[in-house]
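Every read-out reported here was derived from the displayed coordinates using simple, explicitly stated rules and does not represent laboratory data. Here the structure is a predicted model, which means the values were calculated and not measured. All Cβ positions, glycine included, derive from the backbone under ideal geometry; neighbour counts span all protein chains shown.
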Amino acid sequence: MANIAIVGAGVIGISCAAFLQRDGHSVTIYDPLPPGEGCSFGNAGSIGPGSVVPLSTPGIVRQAVSWITDPDSPLWIDWRYLPRALPWLVKFIAAGARPRIDGIAKALRLLHADSFKHYRTLLGVDAGNLLHVSGQLYLYESDAAFAKDALGRELRASLGIRSEILGPDEIRELEPSLGPRFAKAIYLPDSGHCSNPHRLVATIAEDVARNGGRFVRASVRDFEQDAGQVRALVTDAGRIPCDMVVVAAGAWSQRLAGRLGLRIPLESLRGYHVMLPMPTPAPSRPLYPLAAKIMMTPMEHGLRIAGTAEIAGLDAPMNERRAAALGKIAKRYFPGITGEPISVWMGHRPATPDSLPVIGPSPLHGNVLLAFGHGQTGLIGGSTTGLLVSDLVASRKPTIDPYPYRANRF
Ligand SMILES: Cc1cc2nc3c(=O)[nH]c(=O)nc-3n(C[C@H](O)[C@H](O)[C@H](O)COP(=O)(O)OP(=O)(O)OC[C@H]3O[C@@H](n4cnc5c(N)ncnc54)[C@H](O)[C@@H]3O)c2cc1C
């Protein structure tokens, strides 16, 4: 059995560690932060096996132009950062062409379909209080807005994802917490949520530690390489030999891949959340008003309003104005919200141009696996990614076909 180094203790790295450990490997996880304190900390908690619509779709350019002139819109680009983001943006727009998105949706479906099942394997009894197959509601303020979103319905139908169309009365009956603003909704009964994504990662990490996994609070700076193999990690705690490496450093993975001689387009799609006191009555499931592109999820510590995408790189400070805007939008939808935000947060979604992660062997190395780039659906895809990485290390028939996620597709 191998001594495997995992770089990154987010939901992806920890899921990989847990499944590799089940195969008898000895795992060491490197991260300057405690488990789950990167992007995995503050996501919207949506677990949607039916989340198959990529970010880039036909018409994205027209939509984006109207958004980027409004500082409170779902997408914002820092003009100073634009020259650096441009090559990624060109690939992003190209990925939205129709023949490609059918294949992307299929690959997202493969990765997401058994998300709950594989998390249950990892969480054991804790799954009961963290995972909820509560359904999800996609909400539309007018019949015209509903009609415009035909692509999502078409993709979900083609992949056999169950859904129901609801009118205003059925929406209020299912979700009395909402104000009378919505004309139509799509109900996805097999989707749901995690009520504390940080605790999910921390719980799996505790299990890994109990079973002998080691956690090293250090940053990996480089790799010592020889004849297509990584022999050791170069960390800020010194040089550490290993048999195999899994790169799962989220939005920071591009820098590490670069040290390995790999050029993989990865951008941080910065997103925000604001925690509000739970309204009365409380919502029972994730609610997604499509016009605002925010997810509103009942969590252990309040109502989480999460979303927006901002392209400004890994180093720019948080934009408080965008976080505050989320709270204001939510108050439009929930008449029962009173009180001020409990906390705000910003995280870096690790985004590839085609909305699919990179999962699989490094094309240049015999002992390096890549597992990053899950964008807006890393919580959903985390558990299956961990299982797939362990299958590839074991050279057994993989749980899903890894081809769509190969590193050399760009
Ligand atoms: C606002 C928002 C809402 C979201 N909502 C959802 C949702 O509802 N459902 C969903 O599925 N997804 C959602 N996502 C996306 C999801 O959170 C991410 O895809 C996922 O957390 C990525 O996990 P990760 O493990 O790849 O990255 P991270 O959680 O960021 O972990 C990467 C880790 O690598 C470490 N690291 C970086 N560099 C190094 C280095 N050199 N050496 C060692 N360690 C290093 C970092 O410290 C970090 O801990 C959302 C994201 C945002 C921002």
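Compared with the direct C-alpha span, the chain from Asp401 to Val61 gains 119.3 nm at full extension, assuming 0.36 nm per residue. Residues Val389, Val61, arranged from fewest to most other Cβ atoms within 10 angstrom of their Cβ, appear as Val61, Val389. For Glu206, project a label point 7 Å along Cα to C-beta. Then give me every residue of the stretch 100-126 with its amide nitrogen under 16 Å of that point. Inside the label zone: 122-126.
Classify the chain: rounded, prolate or oblate, from the alpha-carbon gyration tensor (a ≥ b ≥ c, eigenvalue square roots; a/c under 1.5 rounded; otherwise prolate if a/b is larger than b/c)? Since a/c reaches 1.5 and a/b is larger than b/c, the shape of the chain is classed as prolate. Step through the table entries Lys91/Lys117; Lys106/Lys397; Lys91/Lys331; Lys91/Lys293, compare each Cα-Cα distance with 28 Å, and write down the pairs that go over it. Violating the 28 Å Cα-Cα cut-off are Lys91/Lys117; Lys91/Lys331.
Counting only DSSP beta bridges with both residues in the chain, the antiparallel share comes to about 70 percent.
Can you work out the PRE-style zone for Met318? Point 7 Å along Cα to Cβ, and I want the residues of the stretch 330-359 with backbone N under 18 Å. Taking a point 7 Å out along Cα→Cβ of Met318, the residues of the stretch 330-359 whose backbone N falls under 18 Å are 330, 340-350.
Here the Karplus relation 6.51 cos²θ - 1.76 cosθ + 1.60, evaluated at θ = phi - 60°, turns the backbone of the stretch 323-328 into coupling constants of 5, 5, 4, 4, x, 5 Hz, with x for every Gly and Pro. Could you compute the net charge surrounding Ala249? Neighbours are other residues with a C-beta less than 15 Å from the C-beta of Ala249; K and R count +1, D and E count -1. Taking every other residue near Ala249 into account, the sum is 0. Highest mean packing first, where packing is the average number of other Cβ atoms within 10 Å per residue, the peptides 190-197, 253-260, 156-163 line up as 190-197, 253-260, 156-163. Mind running the shape call on the stretch 2-50? Use the C-alpha gyration tensor, a ≥ b ≥ c as the square roots of the eigenvalues: rounded below 1.5 for a/c, prolate if a/b tops b/c, oblate otherwise. Cα axes put the stretch 2-50 in the oblate bin. Put simply, the amide H of Arg231, placed in the peptide plane, has neighbours under 5 Å in Glu224, Gln225, Asp226, leaving out anything fewer than 5 places away on its chain. Per residue of the chain, the DSSP helices (runs of n ≥ 4 H) give a summed -39500 (n - 2.57) that works out to -10000 deg cm²/dmol at 222 nm. Multiplying the residue separation of Met1 and Thr338 by 0.36 nm and subtracting their alpha-carbon distance yields 115.8 nm.
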